[in-house]
């Protein structure tokens, strides 16, 4: 059936795919204009010109750029991310365990930070301009203002070294139980939560306060509802769209922006993996990581758009 | 204890104001107001904006809107002083003993909740009945308020229901918990006249059937005369006069009440149409997004120095006509001839001189001005743009214009926020006059103003027309305004021109059904008018 919501949702998804295609082009161009020759850097400075030429031929580097781009794209679409130059292994295999680890860390950070941010935002609205609001705003602003590496090292020093509660290095392996894994990632989860919490909390507060100016909130107050019911039943449902948007941007940051945190805690995730291979000039791996980051970012934002569309009663129940 | 349901004694209400460029200070909005209301009685509170009537109404729920605070006096509801009870006790009072119907029902419903859930929310909250019982009562109320499809209308969301219907649903919401008192705060002001009459009748019937007492707040004396037993006239937070409806409208004692009763006192001699109209609108058809036609084959003429009034209810296409003439919405068919030559349909292609000769004044004066510019800058801008005026020359002309709108030089450095509603509209008039236009489109310019202020604006527009020989296209839904200022009238209904001619032609019988409906719907200041009109109506409003 031609429900307008289905059309809108289909439109968003199509736009997302187009955007992803454009992003893949940018990633490819970006890695091509980097200075230096891949064959040269694999073989090292002492390689003979013949050896370099042979390797170039073998890697297909003599083809025009657009041919290489479409070859790469065709491979990606079939699930083949290519072969790493540094160790000759399949990139897809190398990435999958790293991606799992990153998603594991990000989802626990999200599970902690999103409910916390929404609840703190609601509390801040309830006690607006009184001390609980000011305390919540102050603490969250302070935590967003400190760079994450600084928070990371502070936590390592106090919580790990001084108190010895959690390990300072977050290493995971297959044999660990869930409890052991959670113990290992406790500190990075806390750091990530502190970084994304303030943004989401402040947006929740602002979006709900904005709705609180509406005439229908006055109606609710004049019905004799208690303040928390007013916020929960009448304000929050109308503030979902902006809140979901900022939550999704922060979730994307949890996956994409964790490079620093992973490096500090020596966590075997995508960020570490990317940094390692950038320093090895392993272009196919860098391309693959960038593409995965782009698709995470785009799909989370599509989800945010779809939630906003579905949350709008005017679109859900047309005249 | 007396048998009064509501007793307000020596009420004083204050607020803190933050004027630009000054220190915040406290002002008093309501000075020493007292009133009594018995069970089942209806009291009309009447006055212009700033009279404190809504503030007094809300005080019966111990509620202060936007920083307003009750600073003195006592308010008794059912014998207890509600200003002394705590938040928990207030929640027992609000929605149970006293309920509220606001001016804009469209904004007062939660857009994300079904109507039924909102209507029965209070009843369930206060544990007055089970959900099934409450829903049955709500459906009963929907039916008695004349809503279409009473069984199912509760399943709809607010945006799926028209403004007039929402206002009735809100009345049902107020009646549902069987309160002792309902505060009606301008419940029909935002509606078309033809819709207002139905809502008014529904409210009157509901009050009579349930025996609930009411405070009925409005600025329209003719409306309040139809539903109230007594009237309290307020001005600047003071009581002016209190009496029965009959006494107030037939023998008002105070001078201010007399002015209110005889508002719309402007008379205007109709001018004969000329051979050469300044603007010819020829067979215009227009639509938004190419699908639904909002104007169907409309042709009208406007003559130099004369006024064409375009009347109709919302959705009649009258504002769209203005958008087509200004070029904001190029028509799909037809053409516009201005001063002998055809106008380019789309705004961006018009010459600066075409833009200058065709000016516009809007309904909401305060959003039509940049709040960060002074009056001098606002009026000076068209002088600079169209005539290249600068410095002393520009200032001199701005002062001339300020004198023309009867405000004077002292306003030149003020900001819009420091002006009253009527003064803001005057500045907008001066801004459009600054361009020396041949035609000004006035889109509901007096609709947001109090009757006496609106009268002042209309007088000014007529005087300026004599001096500047400017033509007006006057868009309005208010027939009283039309009668007082127009030379010719175009009546529109659902995008079509249903009646068009000189004022005397249009306002003389025989009428077509729609014009008859429109004319008969204008509230008249006499007892029993509502019943008379409803008895001989021929058709329904499109807003139902």
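May I ask you to verify whether residue B:82 is modelled with pLDDT of 85 or more and farther than 19 Å from residue A:227 by Cβ? No. Of everything listed in (1) in contact with a strand residue (DSSP E or B) (Cβ under 9 Å, 6 or more places away or on another chain); (2) farther than 23 Å from residue B:452 by Cβ, the single unmet condition for residue B:401 is (1). Here B:69, B:74, B:22, B:97 are screened, and the one residue that is farther than 30 Å from residue B:139 by Cβ and touching a residue at least 60 places away in the same chain (Cβ under 8 Å) is B:74.
State whether the residues of segment A:223-230 include one that is closer than 30 Å to residue B:96 by Cβ, touching a strand residue (DSSP E or B) at 6+ places or on another chain (Cβ under 8 Å) and within 14 Å of chain B (Cβ to nearest Cβ). Yes - at least one qualifying residue is present in segment A:223-230. Outside any loop (DSSP other than H, G, I, E, B) and at pLDDT below 85, is that true of residue B:533? So residue B:533 fits the description; yes.
Against the numbered list (1) farther than 23 Å from residue B:244 by Cβ; (2) buried (at least 22 other Cβ atoms within 10 Å of the Cβ), residue B:60 comes up short only at (1). The single condition among (1) surrounded by 17 or more Cβ atoms within 10 Å (Cβ to Cβ); (2) in contact with a helix residue (DSSP H, G or I) (Cβ under 8 Å, 6 or more places away or on another chain); (3) more than 8 Å from chain A (Cβ to nearest Cβ) that residue B:85 does not meet is (1).
I'd like to check something: does segment B:33-40 contain any residue that is under 18 Å from residue B:212 (Cβ atoms), surrounded by fewer than 18 Cβ atoms within 10 Å (Cβ to Cβ) and touching a helix residue (DSSP H, G or I) at 6+ places or on another chain (Cβ under 9 Å)? Yes, the conditions are met somewhere in segment B:33-40.
So that you can scan it fast, the table gives a plain yes or no per residue for (1) closer than 27 Å to residue B:227 by Cβ; (2) within 26 Å of the chain's Cα centre (by Cα):
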residue	(1), (2)
B:13	yes, yes
B:22	no, no
B:46	yes, yes
B:50	yes, yes
B:65	yes, yes
B:97	yes, no
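Residue check: is residue A:149 under 19 Å from the mean Cα position of the chain (by Cα) and either under 30 Å from residue A:265 (Cβ atoms) or within 12 Å of another protein chain (Cβ to nearest Cβ) (or both)? When the stated conditions are applied, residue A:149 passes them. So is residue A:68 in a helix (DSSP H, G or I) and under 23 Å from residue A:280 (Cα atoms) or not? Criteria met by residue A:68.
Rundown of residues vs (1) within 14 Å of chain B (Cβ to nearest Cβ); (2) at pLDDT 85 or above; (3) farther than 23 Å from residue A:77 by Cα, yes/no style:
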| site | (1), (2), (3) |
| --- | --- |
| A:232 | yes, yes, yes |
| A:240 | yes, yes, yes |
| A:250 | no, yes, yes |
| A:264 | no, no, yes |
| A:290 | no, yes, no |
| A:296 | no, yes, no |
| A:303 | no, yes, no |
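Restricting attention to segment B:244-260, the residues that are surrounded by 17 or more Cβ atoms within 10 Å (Cβ to Cβ) and more than 27 Å from residue B:27 (Cβ to Cβ) add up to 4.
Restricted to segment B:94-110, and to residues there that are more than 26 Å from residue A:315 (Cβ to Cβ) and more than 7 Å from every other protein chain (Cβ to nearest Cβ), the residue that is modelled with the lowest pLDDT is B:103. What about residue B:194, is it without any contact (Cβ under 8 Å) to a residue 40 or more places away in the chain and under 20 Å from residue B:535 (Cβ atoms)? Considered against the rule, which asks whether it is without any contact (Cβ under 8 Å) to a residue 40 or more places away in the chain and under 20 Å from residue B:535 (Cβ atoms), residue B:194 comes out as no.
The values are calculated or read from the model by the stated rules, or taken from the named source; none is laboratory data. Computed from a prediction, not measured in an experiment: that's the story for all the values here. A quick note on method: Cβ atoms are made from the backbone with ideal geometry, for glycine too, and the neighbour counts reach across all protein chains shown.
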